[in-house]
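Shown next, in structure tokens, is the structure this report addresses.
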Amino acid sequence: MEPIFTDKQLNNMSREDLISLMKIVQEQTKKKDTEIQLLKDKQKELEFLNAMLSDRLTLAQRKQFGASSEKYAEGYEQMNLFNEAEASADAETEELFEEIRPSSYKRKKRKGKKEEDLSNFETVETRTYKVEEEARYCPECGKKYSVVTKETVKRLRFVPAKFEVEEEITYVYSCPKCGAMKRPEKEPSLIRGSIATPSLVAGIMNAKYVNGMPLARQEREFARYDLDLSTKTMANWIINCADRYLKPLYQLMKEELLESRYIHCDESRIQVLGEPEQKGTTQNWMWVYLTDEFSGSPQMVLFDYERTRAGYHPVNFLGNRFHGYLTCDGYQAYHSLGEGIIISGCLTHARRRFDAALTALKKDFTKEQLKETVAYQAMSRIGILYKIEEMLHDKTPEEKYEERQKQSRPVMDAMFEWLHTMEGSVDRSSLIGDAILYTLNQEVYLRRYLEDGHLSIDNNSAERALKNFAVGRRNWLFAKSVRGADASALVYSITETALLNHLKPYAYLTYILDELRKMGAFPKEEELKKLLPWSENLPEYCRTKLKK
């Protein structure tokens, strides 16, 4: 290859021109090195995907044609498709990931923890061990033993659930002369003509929506305690109580959320069999809106069932009332919510893409080779940003803003400047290419948390709010009707908000159902506000003492 410049031309160049030329050559070399590294990463990704697909084919063939025994041919090592990352990790790789992810805090075992754990429960039985009177004399010298110390040991019993019948007797009076009748005023029942009580319905709701236990499983459990209570009856109770009692509280919570200036939003799939004019396999959606601990508003989670994932659903939910920051993932529907709503992105979604690219490489790369990959370097930079947030967790929003300008902004600027140098070199079909281009496309939104100390670096709060819903969905699989899906949205909103406000969901549900039952059909707003999950008027037994 002929040189670009001859020796004569180089000799005639000034020192400044030579320095500029050297910089150009260095940049081109660096760009070439980056392109080569990206190609290497892509090659390893393809090898990883090829191995995974080959393994899937082997498993499928064995499942269809092979023996039912769990044994494999000698020398064959099965790849577990669901925990392959964990199975293939070795000590060296684990050490590597420790450098990227902040290490968890290891708590020291406290003295007196057992006593503290048991202090919240009543002591119902005490067994005392003493030496009998005739045995209290020393056989050596005949003197009476004196008490030196008293050893106390506490243990915890579990008392299974039990059912109790509450009986209501009403005397009806009649005048013997004129026949006039008189009946004393009674408190209204929770559901007319039903055996349901606030505690029973609250227990069913708590089991399904907090602990993920389907109604069919509850029916079988109740039968073991000699109670015949059908799934259909329990479903009707939930729908009835959610619509009649919980909806007014939900509406008040929504009013409060729309007044906030900082909220999160996310969505998750749900299958509703009874949705009209759609196939039973069609996916519907549960949207979630929440305020987190940094929003400056009462903490709450609101679920909203909708038929589709269309962008007009959050538009309709938020209306013209909400004006402020909305933190979400990269779903395009959120970017057309109208004036007054500023979108803030989620750095976790970007990090996951780089993590996926790194996972595809770590099987064949050494620790030192992994450190040279773009995925590792990107995760290291993101890890620094999260480490800064970890240190700022207890700061005020004003202090967070100042520290983010000093510490986070330079890291963010350097990271995006570095990513932009690879923008034209990446292959979108590769995992690393997808990660880089996604992050660059979201740059404006990922930077936005630097603008306000109330904002979060990610949308993890919304994802955590959906966790119980996702666990429950794996157990009960689908909702049978639109009314059932709407009722689920109401109950999830109440129970998840109760958890955020350190309430015991069962105790809180029992209390509010009982109070709302007494209020009748048209409760006053000021009375309803006393029942909200963040109200100071709630009884102490509704609050949990373990703020974990």
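The values are calculated or read from the model by the stated rules, or taken from the named source; none is laboratory data. Bear in mind that the values here come from a model prediction, so they are computed numbers and not experimental data. With ideal geometry, Cβ positions are generated from the backbone for all residues, glycine too; neighbour counts draw on all protein chains shown. These accessible areas exclude ligands, DNA and RNA; they are computed on the full protein's heavy atoms, side chains included. Shrake-Rupley method; radii C 1.70, N 1.55, O 1.52, S 1.80 Å.
Looking only at region 431-461, filter to residues that are over 21 Å from Met379 (Cα atoms) and among the acidic types (Asp, Glu); which one of those is surrounded by the fewest Cβ atoms within 10 Å (Cβ to Cβ)?
Result: Glu451.
Applying the selection to region 452-490, what residues are among the charged types (D, E, K, R), under 30 Å from Glu390 (Cα atoms) and assigned to a loop (DSSP other than H, G, I, E, B)?
Asp452, Asp458
Please determine whether any residue of region 462-481 is open to solvent by 20 Å² or more (accessible area, probe 1.4 Å), modelled with pLDDT under 95, under 20 Å from the mean Cα position of the chain (by Cα) and closer than 30 Å to Glu398 by Cβ.
Within region 462-481 (the criterion being open to solvent by 20 Å² or more (accessible area, probe 1.4 Å), modelled with pLDDT under 95, under 20 Å from the mean Cα position of the chain (by Cα) and closer than 30 Å to Glu398 by Cβ), the answer is yes, since at least one residue qualifies.
In region 294-318, which residue that is in contact with a Ser or Thr (Cβ under 8 Å, 6 or more places away or on another chain) and part of a loop (DSSP other than H, G, I, E, B) is surrounded by the fewest Cβ atoms within 10 Å (Cβ to Cβ)?
The qualifying residue surrounded by the fewest Cβ atoms within 10 Å (Cβ to Cβ) is Gly296.
Pick from region 227-243 the residues that are open to solvent by 30 Å² or more (accessible area, probe 1.4 Å) and free of Cβ contacts under 8 Å to residues at least 40 places away in the same chain: which of them is nearest to Gly484 (Cα to Cα)?
Only one residue tops the list, namely Asn236.
Could you please let me know if Ser199 is in contact with a helix residue (DSSP H, G or I) (Cβ under 8 Å, 6 or more places away or on another chain), small (Gly, Ala, Ser), without any contact (Cβ under 8 Å) to a residue 24 or more places away in the chain and surrounded by fewer than 21 Cβ atoms within 10 Å (Cβ to Cβ)?
Values: in contact with a helix residue (DSSP H, G or I) (Cβ under 8 Å, 6 or more places away or on another chain): yes; small (Gly, Ala, Ser): yes; without any contact (Cβ under 8 Å) to a residue 24 or more places away in the chain: no; surrounded by fewer than 21 Cβ atoms within 10 Å (Cβ to Cβ): yes.
When the stated conditions are applied, Ser199 does not pass them.
For region 367-394, which positions are outside any helix (DSSP H, G or I) and either touching a residue at least 12 places away in the same chain (Cβ under 8 Å) or buried (at least 22 other Cβ atoms within 10 Å of the Cβ) (or both)? Outline the logic, then answer.
If we filter region 367-394 for residues that are outside any helix (DSSP H, G or I), which is where we start, we get 372-373, 392-394.
Selection gives Glu372, Thr373, Leu392.
Quick one: Asp226 ticks every box in (1) of a type outside the set (Lys, Arg); (2) on the phi > 0 side of the Ramachandran plot; (3) within 23 Å of the chain's Cα centre (by Cα) bar one, so which box is it?
So Asp226 meets the others, but not (3).
What pairs come up if the first residue lies in region 500-524 and is more than 30 Å from Phe294 (Cα to Cα), the second is acidic (Asp, Glu), and their beta carbons are under 9 Å apart, counting only those six or more places apart or on different chains?
Listed pairs, sorted by first residue: Glu515/Glu527; Arg517/Glu187; Lys518/Glu187; Met519/Glu527; Pro523/Glu515.
Would you please list the contacts, defined by Cβ atoms under 9 Å and residues six or more apart or on different chains, that run from a residue in region 132-157 that is under 30 Å from Asn120 (Cα atoms) to a residue that is of a type in the set (Val, Ile, Thr) and in a loop (DSSP other than H, G, I, E, B)?
Correct list of pairs: Lys154/Thr123; Arg157/Val124.
When the residues of region 403-426 are narrowed to those that are open to solvent by less than 50 Å² (accessible area, probe 1.4 Å), in a loop (DSSP other than H, G, I, E, B) and closer than 17 Å to Tyr376 by Cα, which ends up modelled with the highest pLDDT?
The extreme case among them is Met422.
Considering only residues that are under 22 Å from the mean Cα position of the chain (by Cα), assigned to a helix (DSSP H, G or I) and not charged (D, E, K, R), which ones fall in region 319-366? Please lay out each step first, then the result.
Our first condition is that a residue be under 22 Å from the mean Cα position of the chain (by Cα); within region 319-366, this holds for 325-334, 343-356.
If we keep only those that are assigned to a helix (DSSP H, G or I) too, we end up with 332-334, 347-356.
Of everything in region 319-366, those that are under 22 Å from the mean Cα position of the chain (by Cα), assigned to a helix (DSSP H, G or I) and not charged (D, E, K, R) turn out to be Gln332, Ala333, Tyr334, Leu347, Thr348, His349, Ala350, Phe354, Ala356.
Name the single residue that is nearest to the chain's Cα centre (by Cα) among those in region 164-196 being surrounded by 11 or more Cβ atoms within 10 Å (Cβ to Cβ) and among the β-branched types (Val, Ile, Thr).
Among them, the one singled out is Ile191.
If I ask for residues that are open to solvent by less than 30 Å² (accessible area, probe 1.4 Å) and among the acidic types (Asp, Glu), which ones from region 496-525 would you list?
Glu496
Is it the case that region 254-268 has a residue that's open to solvent by 30 Å² or more (accessible area, probe 1.4 Å) and modelled with pLDDT under 90?
For region 254-268, residues open to solvent by 30 Å² or more (accessible area, probe 1.4 Å) and modelled with pLDDT under 90: absent.
Within region 342-366, track down each residue that is over 20 Å from Glu463 (Cβ atoms) and not polar (S, T, N, Q).
Answer for region 342-366, where residues must be over 20 Å from Glu463 (Cβ atoms) and not polar (S, T, N, Q): Ile342, Ala357, Leu358, Ala360, Leu361, Lys362, Lys363, Asp364, Phe365.
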